[in-house]
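Comments concern the structure below.
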Amino acid sequence: MAGTAATVFAVPEAVGFQDAAATRHAGEAFVDHGPDEVDFDLSGVRASSSLVVALLLAWLRHARGRGKQVRFLDPPADLRNIIELYGVTELLPLVGEAGEKMKEYLSDGSDSDGTPAPAAEQA
């Protein structure tokens with residue numbers, strides 16, 4: 001995103017089932033009316049859940065369907081753990097020290113659960 005001002009959507013600190021649809025629609029509207037490269041700021045998320053992961057995947061799909069790029073900035077540790085548990089780390093463009101460390105960890109020859117891959121798979 002060099003050379004362009006980033007537009008950032010601050011993901012709420014907690015998303016429950018009662019407000020998930022409204023949050024999803026707000027994120028989709030942000031994508032629709034934003035630039036070709038949009039950022040979702042996850043640093044304020046305090047109550048991570050599978051619902052938040054579902055929103056990230058929905059926003060990613062929505063953006064890609066419109067030819068736009070998305071980045072998810074500064075995911076907190078508990079959200080990264082859920083993302084890793086579900087095996088969707090490679091699908092989500094996570095950015096920030098924490099997101100980069102997770103991608104490094106997963107690309108070091110370990111399985112997603114942290115156990116070393118068999119020697120035949122590492123070759």
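List of remarks:
- Among the strands (runs of 3 or more DSSP E) confined to region 1-88, the ones with at least 3 residues that are surrounded by fewer than 17 Cβ atoms within 10 Å (Cβ to Cβ) are located at 7-10.
- Breaking point among (1) at positive phi; (2) at pLDDT 95 or above, for Tyr86: (1)
For every residue, the table says whether it meets (1) in contact with a helix residue (DSSP H, G or I) (Cβ under 7 Å, 6 or more places away or on another chain); (2) modelled with pLDDT of 95 or more; (3) basic (Lys, Arg).
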site	(1), (2), (3)
Ala2	no, no, no
Ala5	no, no, no
Ala20	yes, yes, no
Thr23	yes, yes, no
Leu42	yes, yes, no
Arg71	no, yes, yes
Pro76	no, yes, no
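The values are calculated or read from the model by the stated rules, or taken from the named source; none is laboratory data. Here the structure is a predicted model, which is why all the values come from computation and not from measurement. FYI the Cβ positions are ideal-geometry reconstructions off the backbone, even for glycines, and counts take in every protein chain you see.
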